[in-house]
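The values are calculated or read from the model by the stated rules, or taken from the named source; none is laboratory data. Just so we're clear, the structure is a prediction, and the values are computed from it rather than from any experiment. With ideal geometry, Cβ positions are generated from the backbone for all residues, glycine too; neighbour counts draw on all protein chains shown.
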Amino acid sequence: MSDLTDLYQQVILDHNRRPRNRGKLPTANRVAHGDNPTCGDQCSVYIRLEGDRIAEIGFDGSGCAISQASASLMTTQLKGKTAAEAQALFDNFHHIVTTGEAPEEISDVAAFAGVHSFPARIKCATLGWHAALNALKSEPTDASTE
Ligand code: ZN
């Protein structure tokens, strides 16, 4: 069990050290910003939606390790997905971080199951996901105007 905990800590450390899809996406047509004032986390999510699929996704921001690692993982999960699939993935992730019930198979999202023991950190873990879902619901933006 502690080996599994170690493995999951590695996942979070790795995403924190080498964030995936980090940086503003110049071609984005959906953008949203999220912040978590109780912890000081900030996260902007940039999405290029093609049809109803997330063709490209990026994030930037600052904050605690949980918030940044979770946003990084979120981008790897949502790329190539539709808005409906993104919502389903978030529902799954939200279930994991609020109940600690990880799926049977070892996966990167399961690394966040431990967050449920620290209710104040749930907002950290879901910040990037909320920003992504808000971006998907937002009006299309002209990437060149910002
Ligand atoms: Zn935080």
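Please note which helices (runs of 4 or more DSSP H) are completely contained in the stretch 1-115 and include at least 3 residues that are away from the ligand (no atom under 16 Å from the Cβ), surrounded by 15 or more Cβ atoms within 10 Å (Cβ to Cβ) and free of Cβ contacts under 8 Å to residues at least 40 places away in the same chain.
83-99
For the stretch 43-72, give me the residue count where each residue is closer than 18 Å to Arg18 by Cα and in contact with a helix residue (DSSP H, G or I) (Cβ under 8 Å, 6 or more places away or on another chain).
So the count comes out to 18.
Exactly one condition in (1) over 14 Å from Arg121 (Cβ atoms); (2) more than 15 Å from the chain's Cα centre (by Cα) is false for Lys81; which is it?
Among (1) over 14 Å from Arg121 (Cβ atoms); (2) more than 15 Å from the chain's Cα centre (by Cα), the lone unmet condition for Lys81 is (2).
Taking the condition of being within 12 Å of the ligand (Cβ to nearest atom), over 20 Å from Ile54 (Cβ atoms) and not aliphatic (A, V, I, L, M), how many residues in the stretch 116-139 meet it?
So the answer is 4.
Do we find that Ser44 is hydroxyl-bearing (Ser, Thr, Tyr) and modelled with pLDDT under 95 in this structure?
no
Scan the stretch 1-40 for residues that are in contact with a strand residue (DSSP E or B) (Cβ under 7 Å, 6 or more places away or on another chain) and over 30 Å from Glu104 (Cα atoms) and jot them down.
Once the filter is applied, which keeps residues that are in contact with a strand residue (DSSP E or B) (Cβ under 7 Å, 6 or more places away or on another chain) and over 30 Å from Glu104 (Cα atoms), the stretch 1-40 yields Gly23, Lys24, Leu25, Thr27, Ala28, Asn29, Arg30, Val31, Ala32, His33, Gly34, Asp35.
Looking at this structure, is Leu127 of a type outside the set (Asp, Glu) and surrounded by 22 or more Cβ atoms within 10 Å (Cβ to Cβ)?
Considered against the rule, which asks whether it is of a type outside the set (Asp, Glu) and surrounded by 22 or more Cβ atoms within 10 Å (Cβ to Cβ), Leu127 comes out as yes.
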